[in-house]
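Asks: Have a look at this one.
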Amino acid sequence: MKSMVVANWKMSPETMREAKALFEATRKAAESAKDVSVLVAPPAIFLRDLASAYKGRRIVFAAQNGHFEKNGAHTGEISMPQIKDAKASAIIIGHAERRAAGETNAETRAKISMALSQKLQPIFCVGEHNRSAGGEHFLYVKEQLKTGLQDVTPANLGKIVIAYEPVWAIGASEAMSPRQMHEMAIFIRKSLVGSHSEKAIKTKILYGGSIDETNARDMLEGGDVQGLLVGRASTDVSKFAALIKSIA
Ligand code: PGA
């Protein structure tokens with residue numbers, strides 16, 4: 001199976017010119033690796049220009065966020081129909097940085113429904129802030145999954161990708177170990193089988209948090225994940241190319 005790499009550019013780069021150059025390098029890396037499917041999530045303001053200029057098929061565009069209502073008086077927000085119109089086909093929902101800015105589990109639930117209704121693939125982020133010997137982090141993730149996926153039918157669950165990103169490993173110096181990820185992947189699949197259906201065993205899970213060219217391969221091989229959500233290393237041209245090469 002192809003592994004999936006989501007390049008989450010966050011609030012970088014500063015100019016359209018730099019965004020085009022970064023995209024061009026990303027495109028080259030993606031096209032050299034047939035076994036990797038690459039999603040690029042640029043800042044929304046660059047999305048339409050990049051997606052319209054891109055004539056290939058290998059790269060899929062994603063938004064980093066979107067509003068849960070279809071339209072309305074929401075100054076500064078971007079709706080999912082607008083995201084779809086800008087030629088994105090996926091959307092990151094519930095990223096830790098959105099949650100830190102106040103997004104709740106109930107909002108992720110509404111956003112997932114809106115995304116599915118607009119035929120945008122949700123990349124649904126979950127992850128705990130801390131780990132404890134008592135294993136409370138498992139319950140924390142279970143609650144994020146339960147609320148976020150409450151309106152998703154078992155048949156629609158297959159359209160969703162779960163991105164597990166422990167908050168303590170995002171923007172950090174080290175990723176979680178593949179062994180810990182493996183344990184969490186089993187837990188996530190079990191939870192989804194319980195809440196949805198047996199088929200949830202096939203849910204695609206990504207890992208995110210301090211992934212780069214030095215640990216991507218080990219995580220894919222040992223973490224029981226089908227892909228990676230990459231922040232910093234996705235905006236560093238040489239690191240991203242090396243990362244893709246390491247897993248191709
Ligand atoms: P990082 O970010 O790769 O810079 O740790 C990951 C993310 O926030 O998705």
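Asks: What ranking do H95, H67 get, fewest neighbouring Cβ atoms within 10 angstrom at the top? Mind showing how you got there, number by number?
Replies: Working: H95 26, H67 19.
Ascending Cβ contact count within 10 Å gives the list H67, H95.
Asks: Next up: May I ask you to evaluate 6.51 cos²θ - 1.76 cosθ + 1.60, the Karplus curve with θ = phi - 60°, for each residue of the range 214-224 and list the ³J(HN,Hα) values in order in whole Hz, giving x for glycine and proline?
Replies: 8, 10, 4, 5, 4, 5, 5, 7, x, x, 6
Asks: Could you list W168, W9 so that the one with the fewest beta carbons within 10 Å of its beta carbon is first and the one with the most is last?
Replies: Values: W168 18, W9 21.
Going from sparsest to densest Cβ surroundings: W168, W9.
Asks: If neighbour count is taken as other Cβ atoms inside 10 Å, put F240, F23 in order from fewest to most.
Replies: Values: F240 25, F23 22.
Placing the least packed residue first, the sequence is F23, F240.
Asks: Per DSSP H run of n ≥ 4, the term is -39500 (n - 2.57); total these for the chain, divide by its residue number, and report the mean residue ellipticity at 222 nm rounded to 500 deg cm²/dmol.
Replies: Details: 10 runs with 103 residues, N = 248.
Result for the chain, helices only: -12500 deg cm²/dmol.
Asks: Does the range 1-72 come out rounded, prolate or oblate by the C-alpha gyration tensor, with a ≥ b ≥ c the root eigenvalues, rounded set by a/c under 1.5 and, if not, prolate when a/b is larger than b/c and oblate if not? It would help to have the intermediate numbers written out before the result.
Replies: Numbers: a/c = 2.00, a/b = 1.35, b/c = 1.48.
Taking the square roots of the gyration eigenvalues as a ≥ b ≥ c, the range 1-72 is oblate.
Asks: Non-local amide H neighbours of A248 (under 5 Å, H modeled in plane, Pro and chain starts lacking H): which ones?
Replies: It is none; the list stays empty.
Asks: Related question: So if each residue of separation counts as 0.36 nm, and I subtract the Cα-Cα distance between N130 and D85, what length gain in nm does that give? Show your work: numbers first, answer last.
Replies: Values: separation 45, 0.36 × 45 = 16.20 nm, distance 3.81 nm.
That works out to 12.4 nm of additional length.
Asks: Could you size up the charge dipole of the range 1-63 around its Cα centre, putting +1 on the beta carbon of Lys and Arg and -1 on that of Asp and Glu, and report it in debye to the nearest 20? Walk me through the numbers before you get to the answer.
Replies: Values: 11 positive and 6 negative charges, 46 e Å.
That gives the range 1-63 a dipole magnitude of about 220 debye.
Asks: Okay, moving on. Would you mind checking which residues have amide H under 5 Å from I93's amide H? H placed 1.01 Å from N; only 5 or more apart, or other chain.
Replies: Result for I93 returns I123, F124, C125.
Asks: Can you list residues from other chains, or at least 5 along the same chain, whose modelled amide H is less than 5 Å from the amide H of V38?
Replies: Excluding prolines and chain starts, which carry no amide H, the hits are V5, V60.
Asks: Subtract the Cα-Cα distance of A44 and R58 from 0.36 nm times their separation in residues, and report this length gain in nm to one decimal.
Replies: Numbers: separation 14, 0.36 × 14 = 5.04 nm, distance 2.00 nm.
Taking 0.36 nm per residue and subtracting the Cα distance, the gain is 3.0 nm.
Asks: Using only the Cα atoms of the range 1-144, build the gyration tensor, take square roots of its eigenvalues as a ≥ b ≥ c, and label the shape rounded, prolate or oblate: rounded if a/c is under 1.5, else prolate if a/b is larger than b/c, else oblate.
Replies: The shape class here is oblate.
Asks: Here is a follow-up. Under the classification rounded if a/c is under 1.5, otherwise prolate if a/b is larger than b/c and oblate if not, where does the chain fall, given a ≥ b ≥ c as square roots of the Cα gyration tensor eigenvalues? Don't skip to the answer; put the middle values down first.
Replies: Numbers: a/c = 1.56, a/b = 1.12, b/c = 1.39.
Cα axes put the chain in the oblate bin.
Asks: So, one more: Report the trypsin sites (Lys or Arg not before Pro) located in the range 29-66 that are in a DSSP loop and have at most 16 other Cβ atoms inside 10 Å of their Cβ, or state none. Mind dumping the intermediate values first?
Replies: On the way: sites: K34, R48, K55, R57, R58; in loops: K34, K55, R57, R58.
Those satisfying the criteria are K34, K55, R57, R58.
Here, each number is a calculation from the coordinates, and none is a lab measurement. Bear in mind the structure is a predicted one, so any value in this text is a computation, not a measurement. Ideal geometry is used to build each Cβ from the backbone, glycine not excepted, and the neighbour counts take in all protein chains shown.
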